[in-house]
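Asker: What follows is a structure written as structure tokens; I'll ask about it next.
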Amino acid sequence: MINTLIRKNVILLLLAVNFVSCRKDIKSTEDITDDTPVKLKGVIPVTFDWKTVDYMPTPPGQTLIPVPWIGQGSLTSLYGIDVIGDNRHEDGWILLYSTFDANASGPLQNPYFILYNRFRGLMRIFLYLTGNFALESSHLTNGMTLLSGTPSQMLAYMGNNFVDLTQPHMSFTQIEKAPIDGSMPMATNKWFMMQYELAYDPQLASIPFTNMQLSWFTNYNAISQISLGGNIDGTIKGTIAASGEGSNNVLKSALGNAGKIAGTVGLAAVGSQFLNNAAGNYPGKNFTYDSQGNVTGDENHNSNNNLGLPDKLFTSMKDGMAAGLSAATGNIPGAVAGVFSAIFGGSSQPQQQTVSLNLNATLTLNGTTTAPGSFPASPTSIWVPGTQGLTASNSANIQGYIPLYENPLGVFSLSSAPTAIKESYSIQNADRSYENRTEVAINTNSYTIQFNPAVVNGTANGATISNLTQEVVIERTGNEDVYGTREQVGDIVYWTEPASNAVVAYNVGRQQHPYPIIDQAWLRISFDITPNNNPAARTKIIKTFVAHF
């Protein structure tokens, strides 16, 4: 009995000592000040092989999630096999971020992972929706914003056929095409993919990672009618996009102003069969407008495509894609006529060459204000790879996920906006007539092409640049004659020459004046980028920049 009492007292004493010792480590929230050190621990995403696994890494007890390429909720209702199968390691795809984790403490809510292609500068976000809700919508809208106190051109290539580097490019919005099988675009237990093309920014290495984030969002909305300058349609067949902030963003303006011409957007073709599948003979209607751009009615019209594009513009785009794919596989050297913003090829599988092609079109949306809203947990922000201090070795000072790739994103950029040189003069001919000329060339000393050294280098994991061309481009649809190479896109005629030469517009008359008026010029850059350890995955990149006089 005495021994039992002693044992009980000893146990109570030990518990009391343990309780007191534990309480010494507990600090009242009232005692925590701004000077109290906070211990951070960055999270390194769990890696997995997206090409070989049958199911995504999820914790025990959660319903298995198939990969995005096949199975329930796959992306096959939105993209062709060439896009679905374009995810090979050897073609440059790497895992950048992921919230999938087989060792998570509970079921994953709306998990995502991000693949990035080093040789094309493409980021693809794959989001799996797990929330139990269903809302009627016809289209999904997504976009990206660069949150930074330092201006950057990382988003400059998005939604633009012609890139103006003198303008800020801090946000981007796009409306995704509707599922090709007629299913509703938004549902639970389903995959969604968002693609973004990024420009290289060499200043990232000097910007502390805490000063810059990429934020992406996903919304839904109902659109009853759309026109891209051609037939009216009830669904968007291709991704349309625009950059810009606030009221300057054409898509945001269109979604809030039903029945008005919104302005110029970029139509993105993703996949080599995108335009072939859109060709045919389609009876339809065109919008009619009043002088303020309001929709007043419609009229019957036939079209050779179901994208809502004018016939000539669609034909130009289709021809440009065919030529671009041939160029990417080595059949046509140099730049591609009639194309100003595109990525061709990049797959080591000859029958699965993919395309990312942008073309300007005039957007009108009608009946766009029904049931707008956002996905759960949207927006989502991530740190920007390549910024100062954003490394696994510095994880103790990082909050949240750390990217699995620590180098800057993007393939190339220009050091500054290019400038153009214009000169007007007259030449008197032998018959005493005057040839009145306006010449336009690019000042090739006004910029430098900056290739990402983490990508373009002589290592086994690097790549080589070839077939680099730089051209001056002008638009000339008048009656004047032009010395240059003619390229027609829809109803617009462009003239090109090597950038160091000049495009010359001229007219002939008995007077020295007037000279041809040219108010706009562009610089088109194209090149091939070939992985050093996989020449079959060569990519042709074409990008065109506004050149200012």
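Just so it is clear, none of the values below were taken in a lab; they were calculated from the coordinates. Bear in mind that the values here come from a model prediction, so they are computed numbers and not experimental data. Cβ coordinates were reconstructed from backbone atoms using ideal geometry, including for glycine residues, and neighbour counts include every protein chain displayed.
Asker: Based on alpha-carbon positions alone, could you give the equivalent ellipsoid semi-axes of segment 414-547 from the gyration tensor, as √(5λ), descending, whole Å?
Answerer: 38, 14, 11
Asker: Further question on the same structure: Computed from these coordinates, which is Kirkwood radius over Cα pairs in Å: (i) 23.3; (ii) 25.2; (iii) 26.0?
Answerer: It is the value labelled (iii).
Asker: Measure nothing but the geometry: give the 0 to 90° angle between the long axis through the Cα atoms of 2-23 and the longest principal axis through the Cα atoms of the chain, rounded to 10°.
Answerer: Its long axis makes an angle of about 30 degrees.
Asker: Right, something else. I'd like the orientation of helix 311-328 relative to the chain: the angle between its Cα long axis and the longest Cα principal axis, in ° from 0 to 90, rounded to 10.
Answerer: Between helix and principal axis, roughly 70 degrees.
Asker: Relative contact order of the chain: what whole-number percent is it, with Cα pairs under 8 angstrom and at least 6 residues apart?
Answerer: 16 percent
Asker: First measure r as the distance between the Cβ atoms of Asp49 and Asp481, then evaluate 1/(1 + (r/R0)^6) with R0 = 41 Å and state the FRET efficiency to the nearest 0.05.
Answerer: 0.10
Asker: Order 413-425, 114-126 from most to least packed using the mean count of other Cβ atoms within 10 Å.
Answerer: The most tightly packed comes first, giving 114-126, 413-425.
Asker: Need one number: nm distance between label points at Ser77 and Asn394, each 7 Å from Cα along Cα→Cβ, rounded to one decimal.
Answerer: With each label point 7 Å from Cα toward Cβ, the separation is 4.3 nm.
Asker: To the nearest 500 deg cm²/dmol, what mean residue ellipticity at 222 nm is calculated for the chain from DSSP H runs of n ≥ 4 alone, each contributing -39,500 (n - 2.57), summed and divided by the residues?
Answerer: Per the formula, -3000 deg cm²/dmol.
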